[in-house]
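Scroll down for the structure; my scribbles are underneath it.
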Amino acid sequence: QVQLVESGGGFVQPGGSLRLSCAAPNITFRFYSISWYRQAPGQQRTFVSSINISGWTDYADSVKGRFTISRDNPKNTVWLQMDNLKPDDTGVYSCNALRGGLEFWGQGTQVIVSS
């Protein structure tokens, strides 16, 4: 069974940084586009960032210039570096692996940005 495992969430004050990771030990990672989504309390899940198999990246307007996504295929891991965090960044961050008709989700990691 495919499993995506997120880690790196936590509590941080506004202006702080966190680095999330998404590990996928049992898929051929390099063939998958990986995306991050977040779900704030009481809201729907929204797109944050993605990186495709060629390394092309995309970001939601709200995080451009503050978040950086990267991948290490031999380590089957994607990172999301989040800097200058704001309270609106609070939510559960989940990673998604997509290849054609195959799609997998992780359980998510909680990020809380508050003073």
Residues satisfying the stated conditions in the stretch 51-60, i.e. within 20 Å of ASN73 (Cβ to Cβ) and open to solvent by 20 Å² or more (accessible area, probe 1.4 Å): ASN52, ILE53, SER54, GLY55, TRP56, THR57, ASP58
Taking the stretch 66-75 on its own, how many of its residues are surrounded by 11 or more Cβ atoms within 10 Å (Cβ to Cβ), of a type outside the set (Phe, Trp, Tyr) and either more than 14 Å from the chain's Cα centre (by Cα) or within 19 Å of LEU4 (Cβ to Cβ) (or both)? 6
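Condition check ((1) part of a strand (DSSP E or B); (2) open to solvent by 30 Å² or more (accessible area, probe 1.4 Å); (3) out of contact with any His (no Cβ under 9 Å at 6 or more places or on another chain)) across all residues:
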{"residue": "VAL5", "(1), (2), (3)": "yes, yes, yes"}
{"residue": "GLY15", "(1), (2), (3)": "no, yes, yes"}
{"residue": "PRO25", "(1), (2), (3)": "no, yes, yes"}
{"residue": "ARG30", "(1), (2), (3)": "no, yes, yes"}
{"residue": "TYR37", "(1), (2), (3)": "yes, yes, yes"}
{"residue": "THR46", "(1), (2), (3)": "yes, yes, yes"}
{"residue": "SER49", "(1), (2), (3)": "yes, no, yes"}
{"residue": "LYS64", "(1), (2), (3)": "no, yes, yes"}
{"residue": "ASP88", "(1), (2), (3)": "no, yes, yes"}
Search result, residues across the stretch 76-86 that are under 27 Å from THR28 (Cβ atoms) and surrounded by fewer than 17 Cβ atoms within 10 Å (Cβ to Cβ): GLN81
So, in the stretch 76-86, how many residues would count as being in a loop (DSSP other than H, G, I, E, B) and touching a Phe, Trp or Tyr at 6+ places or on another chain (Cβ under 6 Å)? 1
Need the failing condition index for ALA97 against (1) farther than 13 Å from GLY8 by Cα; (2) over 11 Å from the mean Cα position of the chain (by Cα); (3) in contact (Cβ under 8 Å) with a residue 40 or more places away in the chain, just the number. (2)
Just one of (1) farther than 16 Å from TRP79 by Cα; (2) free of Cβ contacts under 8 Å to residues at least 40 places away in the same chain trips up GLN39, so point out which. (2)
Quick count over the stretch 51-62, residues being outside any loop (DSSP other than H, G, I, E, B) and of a type in the set (Val, Ile, Thr), is 2
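The values are calculated or read from the model by the stated rules, or taken from the named source; none is laboratory data. Not measured: the values here are computed from a predicted model. Cβ coordinates were reconstructed from backbone atoms using ideal geometry, including for glycine residues, and neighbour counts include every protein chain displayed. Surface areas here come from the heavy atoms of the whole protein model, side chains and all, with no ligands, DNA or RNA. Shrake-Rupley method; radii C 1.70, N 1.55, O 1.52, S 1.80 Å.
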